[in-house]
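A quick write-up on the structure given underneath.
Where a number appears in this text, it was derived from the coordinates with a stated rule and is not lab data. All values derive from a computational prediction rather than experimental measurement. Cβ atoms come from the backbone with ideal geometry, glycine included; neighbour counts cover every protein chain shown.
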Amino acid sequence: MKKFLLLVVVLLISGTMLFAEGQADSGEENFTITAGIGLNDKSAQYESLVLFKDIVEKNSDGRITVELYHSSQLGDDREMMEALQRGEQEMTCPSTAPIAPFVPEFGIFDLPFLFPTAEDADYVLDSEIGQNLLDELSDIGIKGLVYWENGYRNLTNSVRAVRTPADVKGMKVRTMENPMHLDAWRAMGANPTPMAFGELFSAMQQGVVDGQENPWGTIYLQNFPEVQGFATDTGHVYSPFVLMIAQSFWDGLPADLQDIVMDAAVQSRDHNRELNRRYNAEYMEKLKDVMTVVELTADQKAQFQSAVMPVYDKYADVIGQDLIDAVIKKIAER
Ligand code: TK8
């Protein structure tokens, strides 16, 4: 009897050891992604992040948990990028404008009226040109996954209906923290102020700035009509977002989990573009009920285009004339 009990104990111990060893070999380490954005939880950006989270958690069988933070809870675009660089946050999704001070070539997307249509933007962003720019982010400790869409930027203000560049003369316009945006509005005669997105609503509420520029969905869903009475469909810049992950975190993921994260990024990109375009069209119409929305004639829009063209010359060296030419050539290929 004693021999039988001893055999049972030995078998139980060795079975437990084999199971533990098996677990370790299958790489069952768990990971948590903390993802922060600037827009609120009604935005197409946040809805796309929820989809990204669902796909990653499902396909990794829970080995990756994604925690979402919206409305600049973790900081503004620049601060969250710096947190990725320090390894204190895993993901964020800034506009490309705040990236340009880190990687000057990203200023290409701040050139006014660069993309005639959103489809032209998709074609360039998803080409080798866009991928090369994403790859450059690795030099600053960030892995660019894919481009999402912020959209065409339109002017709002609390002073007057704007139909020509002359109408913005002296207007205090908030811009993203990017010198090209400042110079573009100075070229139109405005008095621009760079400011983090999270400070914008209160700055408009207190009259620190008269106006700002963002896509229709952002203008409506961030309640800007509460502090802005006028809008103009300038569409002066097409803003991409970059869905990005800390390079150090990415390098620490097993290859199978890297594939799951990238696949979720691509699926959520396609959803994001479709949803964002639907929102921007839908909310432009809703804004007409609560704001004076000026829809520029072709001639009026041409006046804005010619007013900001000096920006191309001034920043060609910063961005690289070859890159500018390559993008314009790529668009012409379509
Ligand atoms: C949100 C920003 C915002 C951008 C801006 O994080 O700052 O005006 O258009 O969407 O990236």
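Couple of notes before you dig in:
- For the chain, size of Cβ-based charge dipole, Lys and Arg +1, Asp and Glu -1, in debye: 800
- Taking every alpha-carbon pair within the chain, the share separated by more than 39 Å comes to 20 percent.
- Helical contribution to [θ] at 222 nm, DSSP H n ≥ 4, -39,500 (n - 2.57), averaged over the chain, rounded to 500: -15000 deg cm²/dmol
- Listed residues M171, M204, M309, most fluctuating in the chain (Gaussian network, C-alpha, under 10 Å): M309
- The residue list H70, L137, G36 was ranked by how far each Cα lies along the charge dipole of the chain toward its positive end, using unit charges on Cβ atoms, and H70 comes out on top.
- As computed over the stretch 68-171, the Cα convex hull volume per residue (Å³): 140
- Relative contact order, whole percent, for the stretch 200-334 stands at 38, derived from Cα pairs under 8 Å and 6 or more residues apart.
- Amide H contacts for V146 (H built 1.01 Å from N in the peptide plane; partners 5 or more residues away or on another chain; cut-off under 5 Å): L243.
- Antiparallel %, DSSP beta bridges [both residues in the stretch 30-333], to 5: 60
- Legend: calculated FRET efficiency, E295 to K329, from the Cβ-Cβ distance at R0 = 41 Å, rounded to 0.05, equals 0.85.
- Straight Cα distances below 28 angstrom link K42 to the lysines K53, K58, K143, K172, K286, K288, with same-chain residues fewer than 8 positions distant left out.
- Along the chain, longest interval not containing exposed GluC sites (Glu not before Pro), exposed being DSSP loop plus at most 16 other Cβ atoms within 10 Å: 89-294
- Relative contact order of the chain: 24 percent, from C-alpha pairs under 8 Å at least 6 residues apart in sequence.
- In this structure the amide hydrogen of I33, modeled in the peptide plane, comes within under 5 Å of the amide hydrogens of T65, V66, E67, none closer than 5 places in sequence on its chain.
- Springs join every pair of Cα atoms under 10 Å in this Gaussian network model of the chain, and among S268, S202, S248 the largest mean-square fluctuation is at S202.
- Membrane-span-like helices of the chain, defined as complete DSSP H segments with a Cα extent of 24 Å or more along the helix axis and a mean Kyte hydropathy of at least 0.5, are identified as 2-25.
- Counting neighbouring Cβ atoms within 10 Å and putting the fewest first, the residues H271, H181 line up as H271, H181.
- The stretch 281-312 and the stretch 118-136 have Cα centres separated by 25 Å.
- By the count of neighbouring beta-carbon atoms within 10 Å, fewest first, T156, T297 end up ordered T297, T156.
- Span from the the stretch 41-71 Cα centroid across to the the stretch 139-158 one, whole angstrom: 19
- Cα gyration tensor shape of the stretch 167-238, rounded if a/c is under 1.5, else prolate or oblate by comparing a/b with b/c: rounded
- 3J(HN,Hα) along the stretch 221-226, derived from phi through the Karplus expression 6.51 cos²θ - 1.76 cosθ + 1.60 where θ = phi - 60°, amounts to 6, 9, 6, 4, x, 5 Hz, with x in place of Gly and Pro.
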